[in-house]
Amino acid sequence: MENILKVITIGEMLVEIMRKDVDVSLGEPAEFVGPFPSGAPAIFIDAVARLGTSAGIIGSVGRDEFGECILKRLIKDGVDISMIKRIGEFPTGVAFVAYSSDGSRKFIYHMNNSAAGAVDAGEIPKEYVESASVIHISGSSLAMGERMREACYKAVKMGREAGASISFDPNVRRELGVDRMREIFAPVLESCDLLTPSADELKEICGVRDEERAAKEMIERGVDIVAVKDGRMGCRVYTRGGKAEARAFDVEEVDPTGAGDAFSAGIVVGWLEGMSPKELAVFANAVGGRAVTARGPMEGLAWRDEINKMLFQRGGF
């Protein structure tokens, strides 16, 4: 079957409503701003579309204004939303966020009994998944519960059988515990081609303390590229041919939410375009770095010409 979309993801979509000011607790009366479209898979796929690669998402939102907020943003940025369900029995998921001056964040999620996790394995559209070159999964989706988890597993199985590559961002939810995390990640890691963890996530997944050893272990298990995101320290991209490193771009951080998802989008798009490991590292750093420059998880995501400008100003790859 001829490819229709290059990249497809599946997972939760929600809105974020955040404190207007820093160091204001979620438990006291004060101003909020938002709603902003969010959810790791939604941020990722929006970034992919903005970079000029055809992209779609499988998921669900409520029949409410928050759901419309998400859909309007995805449509505006070019994401195919034909496989997003609008359901009336559950509201769209919501996260409330407070920021501290030390850079930390606190979240209160209203996700249980929301539309965010209302995707069933039996509803995964076979032809739609088989049309893709890459299927991307976020660890946050696997942590949503058994219903969403089985849907993700089904999409990975369908995609792999059709010859698609599998991209995985662990996006670890530490409340699961290490053993449970490894258990639910295993079916995706078995098929993974592109892995985009943080350094700590990579070491936790492998159970070793050395990053390079952990990356080598994943490559020996069949992963083609392990791209380790490290915030202000940049990133490291491991392949069978060795390691490539790139420093972070000098940007003013306003909101770090979504930077890792944007980085993963950069890795997937760059890989599809045949970039070298070094080029992948620089390109993904630019995409992730640009993402932190505006308030709201998707508000800093860049269009391709903006990334090209960042690369030009830095002297290219």
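Here are the numbers for this structure:
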{"quantity": "Residue pairs meeting the criteria (Cβ under 6 Å; at least 6 apart or on separate chains; first over 21 Å from Lys6 (Cα atoms), in the stretch 73-96; second charged (D, E, K, R))", "calculated": "Arg86/Arg63; Gly88/Arg63; Pro91/Asp64; Thr92/Asp64; Ala95/Glu16"}
{"quantity": "Members of the stretch 125-163 that are in a strand (DSSP E or B) and either of a type in the set (A, V, I, L, M) or touching a Pro at 6+ places or on another chain (Cβ under 6 Å) (or both)", "calculated": "Val134, Ile135, Ile137, Ser138"}
{"quantity": "Residues that are more than 19 Å from the chain's Cα centre (by Cα), farther than 23 Å from Ala55 by Cβ and surrounded by 15 or more Cβ atoms within 10 Å (Cβ to Cβ), drawn from the stretch 71-95", "calculated": "Phe90, Pro91"}
{"quantity": "Checklist (1) touching a Leu at 6+ places or on another chain (Cβ under 8 Å); (2) at pLDDT 95 or above; (3) more than 17 Å from Met298 (Cβ to Cβ) applied to Arg19, failing item", "calculated": "(2)"}
{"quantity": "Strands (runs of 3 or more DSSP E) lying entirely in the stretch 189-273 (those with 1 or more residues that are out of contact with any Leu (no Cβ under 8 Å at 6 or more places or on another chain), within 18 Å of Ser138 (Cα to Cα) and in contact (Cβ under 8 Å) with a residue 40 or more places away in the chain)", "calculated": "225-229"}
{"quantity": "Of all residues in the stretch 144-175 being at pLDDT 90 or above and aliphatic (A, V, I, L, M), the one that is farthest from Ile57 (Cα to Cα)", "calculated": "Ala162"}
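The values are calculated or read from the model by the stated rules, or taken from the named source; none is laboratory data. Quantities reported herein were computed from a predicted structural model and do not represent experimental measurements. Neighbour counts run over all protein chains shown; Cβ positions are idealised from the backbone, glycine included.
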